[in-house]
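Data first, discussion second: the structure below is written as structure tokens.
Values quoted throughout were computed directly from the atomic coordinates according to the rules given, and no laboratory measurement underlies them. Source: prediction; values computed, not measured. Cβ coordinates were reconstructed from backbone atoms using ideal geometry, including for glycine residues, and neighbour counts include every protein chain displayed.
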Amino acid sequence: MIFAFITLLAFLIDIALGWPAAIYRHIKHPVVWIGALITWFETRLNRGPAHQKRFNGMMCTLMVVGSFALPAAVLQWALMPSGILGMIILGVLIWPFIATRSMYDHVLAVWQPLAARDLLGARRAVAMIVGRDPAQLDHAGVARAALESLAENTSDGIVAPVFWAALLGLPGIVGYKAINTLDSMIGHRNDRYEDFGKFAARLDDVVNWIPARLTGGLFALAAGPTMGRAFAIMWRDAKSHRSPNAGWPESAMAGALACRLSGPRVYGTHKSTEPWLNGGASDPTPDTLAEGLRLFQRAMALLGLVLIAGLLL
């Protein structure tokens, strides 16, 4: 109950404020600090034969997670006896690790030029939230990329942090964000990170297993009249996704919005052939992206209700 209150407070602060630019200019963001430590370790440890890289990558992951989660645990232990003041402080400390407002604003920034038929502006905006080459995307491709990012990052950036914060408090959410940042930086399947980032990537799969499925459920429940189709498409197509987790929220969104997502895409010079999610449906349009944002809002309202229900347990 205590952690549910703390997490709900952080969730509401984030919805109201996001992460203000003035704060970012002065102290950046905690994820930037985590990324700096990952870079420091990676440049020193990512070397040697494959087995050495795998061991060093595991040690890098454990040291980065411990460097942030252990102080967070000590801080939480020190603040908990302070009653309501301590809980408020913990809520403020958890706030930066939830990205509800940021997620909405970034996708809205894609929809606005897309709805105005400004493809170049939409490509620039979508490049801020996806890794694929935006120059290869037409109007449908931009809308699809934005919806996929909205679905996957709702899980990674909101539901999973909220889940771990509600379960373990400050060290839970800090540890989760350290793991997720490690995966985003070194969990790639390429020559540089295939071995070094393997442990981080697998650990990220584990900590996102439950939240990804919860996110898919939230999208399906928030779909209203298309709830049944969202659940059916999620159950049918989620396992065909390249990721063991991302397919759940993405396929639920595809079913809820009656559009197809995933499919072939280009990363730099590499073309990735991926199966479609809800492949029998049509491509998304700017109107589909707008409905996706409304679906996101309803799903976040449901997440808030889940936290409120947690206060009563």
(request) Using only the Cα atoms of the stretch 1-155, construct the convex hull and provide its projected area averaged over every direction, in square nanometres to one decimal. (result) 12.5
(message) Report, to one decimal in Å, the Kirkwood hydrodynamic radius for the stretch 103-157 based on all distinct Cα pairs.
(response) 10.7
(message) Considering all alpha-carbon pairs of the stretch 155-313, what whole percent are spaced by more than 29 angstrom?
(response) 23
(message) As a test of the formula, what do you get for the chain when each DSSP H run with n ≥ 4 contributes -39,500 (n - 2.57) and the sum is divided by the residue count, at 222 nm and rounded to the nearest 500 deg cm²/dmol?
(response) -22500 deg cm²/dmol
(message) As a test of the definition: which semi-axes, in Å, follow for the stretch 71-225 when you take the square root of five times each eigenvalue of its alpha carbon gyration tensor? Largest first, please.
(response) 32, 21, 15
(message) Quick check: the distance between the Cα centres of the stretch 213-233 and the stretch 50-114, to the nearest angstrom?
(response) 28
(message) Using each residue's phi in the stretch 8-14, evaluate 6.51 cos²θ - 1.76 cosθ + 1.60 at θ = phi - 60° and report the 3J(HN,Hα) Karplus result to the nearest Hz, with x for Gly and Pro.
(response) 4, 4, 4, 4, 5, 4, 5
(request) Calculate, axis by axis, the spread of Cα positions in the stretch 70-141 along the three principal axes, and write the results as whole Å, longest axis first. (result) 55, 23, 14
(request) Determine the principal axes of the Cα atoms in the stretch 1-82, then give the extent along each, sorted from largest to smallest and rounded to whole angstroms. (result) 48, 32, 18
(message) Please list, in order along the stretch 35-41, the HN-Hα scalar couplings obtained from phi with the Karplus expression 6.51 cos²θ - 1.76 cosθ + 1.60 (θ = phi - 60°), rounded to whole Hz, x for Gly and Pro.
(response) x, 5, 5, 4, 4, 4, 5
(message) Based on the alpha-carbon set only, what is the convex hull volume of the stretch 2-311 divided per residue, in Å³?
(response) 131
(request) For the stretch 215-262, state which trypsin sites (Lys or Arg not before Pro) are in a DSSP loop and have at most 15 other beta carbons lying within 10 Å of their beta carbon. (result) R242
(request) Please state, as a whole number in µm²/s, the translational diffusion coefficient that the Stokes-Einstein equation yields for the stretch 54-96 at 20 °C and 1.002 mPa s, with Rh defined as the Kirkwood radius across alpha carbon pairs. (result) 183
